[in-house]
Amino acid sequence: MKKIYLAAAAALCLGALMPAVPAAAEVTWGTCPPDPPYPPAAKGITCGKVTVPVDWSQPDGEKIEIFVSRSKARKKKIGTLITNPGGPGNPGATPVMMAGEEFPDEVLDSFDIIGFDPRGVGRSSGLECEAGPIEQPTTSKEFAALVATNRTLGQSCREKTGALFDHLDTGSVAQDVEAIRQALGEEKISFLGQSYGTLIGQQYAQLHPERLNSLVLDSVVDHSIKNPARLLRDGAAEAERALKKSLRTTVATLFARADQGTLTHKGKKVTPQMLTELLNGYLRVGGTPELDSSLKALATGKGEVRWLHSGGEIMFRATWCQDFSATFTNFTDYRTAMAEARKVAPYVRGNSQAINFVLGCQGWPAKVANPPAAHSFTGVPTLVASHTVDLATPHTWATRVHRRVPGSKLLTMEGTGHITYARMGLTAPKQCMNRKITGFLLTGKVTGTTCGN
């Protein structure tokens with residue numbers, strides 16, 4: 001009872017920080033505009049816009065537009081499903097514009113499916129700036145240069161974007177979802193969040209639990225993490241779990257050569273950072289024959305290496321840095337945190353995505369508008385889904401969120417990967433996940449806890 005009471009109190013406090021969402025105008029649906037390089041929207045898909053305030057604490061202030069898309073239920077409608085595929089930075093309206101390729105038939109038949117480009121993304125009022133690759137600092141001078149570069153980049157983004165720059169946090173996006181619900185004229189919705197979209201779902205459920213029929217959190221972000229060192233350790237531990245024992249000797253030898261500056265490929269020096277990124281890129285999808293052949297090519301100097309690089313996408317910084325307290329006070333603290341991460345991942349030496357997220361926030365000028373919080377809510381049928389190993393959103397995050405949400409169900413897909421639910425479920429475990437998650441959306445119930453070979 002105490003846990004439930006505290007969760008309810010937390011929800012009330014969070015709601016108190018935000019004024020009631022003003023009624024949004026009804027959506028005017030029309031033809032979806034072209035969206036190269038994606039194909040045109042499928043037949044029957046319509047698009048529109050919802051107007052929301054830039055700053056939800058000032059509902060009568062400056063406004064922006066949120067782009068939305070709709071696939072109407074093909075048969076008898078049982079509800080409305082709002083979805084978000086994550087990122088942060090993915091244009092969520094696009095999957096719904098290709099709904100027949102993205103969602104199972106039972107969902108297409110039974111729901112009006114709504115996608116939206118979050119604020120700052122795609123065809124919604126956007127962020128105006130670009131970012132390049134992030135280099136890991138190895139000295140205090142390099143760390144200071146990174147901080148200065150990020151600050152300059154962020155200030156430039158703020159000047160070009162305007163007030164929206166400081167309101168790209170997920171708490172604001174959750175309020176945008178409520179505005180979309182009102183504009184649709186729906187009393188209740190279901191919500192499917194995937195990857196970073198699961199944070200939108202959690203925050204919406206905490207703010208407006210009475211408006212949800214069901215909630216699916218697929219590949220879950222844990223917003224309770226309060227410091228960057230924990231983010232680095234969680235990510236590193238998951239990456240280490242993904243590396244096959246049979247590759248460890250090879251990887252250790254390659255890192256030793258990279259440390260000594262003697263590891264090269266086609267005349268180019270291969271740094272430890274490059275090696276970590278290569279490993280993470282392939283391990284994120286469960287490891288592939290290309291990883292084995294690339295490692296062999298590095299070891300022997302013969303053959304091709306297909307390099308995979310994690311990017312420094314600007315929306316990662318613009319949103320992540322407003323949602324998490326990810327800043328180090330100085331280089332010494334950063335170096336200590338990286339050493340701790342390396343202890344839990346002695347072979348892989350870290351998680352490149354976690355490292356890039358954290359490094360991208362050093363010096364970033366926007367405030368943490370949506371501080372870390374252990375979201376909890378009651379009365380919402382909730383399904384938490386995860387791979388047993390997920391480098392982008394570690395399985396431990398899913399278990400933590402599951403434990404915090406009373407009555408939620410945890411469904412685990414055996415193996416390594418990211419995102420468990422999609423129409424194209426070619427493997428038996430994927431087909432199993434599709435059946436169970438679809439069944440949950442239709443009935444609010446799920447049987448079993450795992451999908452495996």
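Since every read-out is calculated from the coordinates, none of them should be taken as a lab result. Remember, it's a predicted structure, so these values are computed and weren't measured experimentally. FYI the Cβ positions are ideal-geometry reconstructions off the backbone, even for glycines, and counts take in every protein chain you see.
Quick notes on this structure:
- The chain - charge dipole about Cα centre, Lys and Arg +1 at Cβ, Asp and Glu -1, debye rounded to 20: 1340
- Neighbour cut-off at most 12 other Cβ (10 Å), DSSP loop, trypsin sites (Lys or Arg not before Pro), segment 310-381: K367
- Distance from the alpha carbon centroid of segment 190-258 to that of segment 140-182 works out to 21 angstrom.
- Taking a straight line from the alpha carbon of K49, these aspartates and glutamates sit under 19 Å away, with near neighbours fewer than eight places off in the same chain left out: E26, D35, D60, E62, E65, D112, D117, D176, E178, E186.
- Around the amide H of C451, modelled in the peptide plane, lie the amide H atoms of T412, M413, E414, all under 5 Å away and 5 or more residues distant in sequence or on another chain.
- Shape call, segment 337-409: gyration tensor on alpha carbons, a/c limit 1.5: oblate
- A DSSP coil position with no more than 10 other Cβ atoms inside 10 Å describes the following trypsin sites (Lys or Arg not before Pro) in segment 67-106: K75, K76.
- Close amide-amide hydrogen proximity is noted between H223 and H375, each under 5 Å apart and 5 or more residues distant or on a separate chain (H modeled in the peptide plane; Pro and chain starts excluded).
- Qualifying GluC sites (Glu not before Pro) for segment 74-156 [loop in DSSP, other Cβ within 10 Å: at most 13]: E130
- Long-range amide H partners of H265 with built H, under 5 Å: V270
- Compactness of segment 109-265 was expressed as the Cα radius of gyration divided by 2.2 N^0.38 Å, which yields 1.41.
- Bridging of K269 to lysines at a Cα separation below 20 Å is possible for K296, K302, once same-chain residues fewer than 8 apart are set aside.
- Taken one residue at a time, the phi angles of segment 192-198 give Karplus couplings (6.51, -1.76, 1.60, θ = phi - 60°) of 10, x, 10, 6, 5, x, 5 Hz. Gly and Pro are set to x.
- Rounded to whole numbers, the Karplus 3J(HN,Hα) couplings from phi for segment 442-453 are 7, 10, x, 10, 8, 10, x, 10, 9, 10, x, 6 Hz, using 6.51 cos²θ - 1.76 cosθ + 1.60 with θ = phi - 60°, and x at Gly and Pro.
- For the listed residue pairs K63/K188; K244/K409; K266/K430, the alpha carbons are over 28 angstrom apart in K244/K409; K266/K430.
- Rounded to whole numbers, the Karplus 3J(HN,Hα) couplings from phi for segment 335-349 are 4, 5, 5, 5, 5, 5, 5, 5, 5, 7, 9, x, 8, 7, 6 Hz, using 6.51 cos²θ - 1.76 cosθ + 1.60 with θ = phi - 60°, and x at Gly and Pro.
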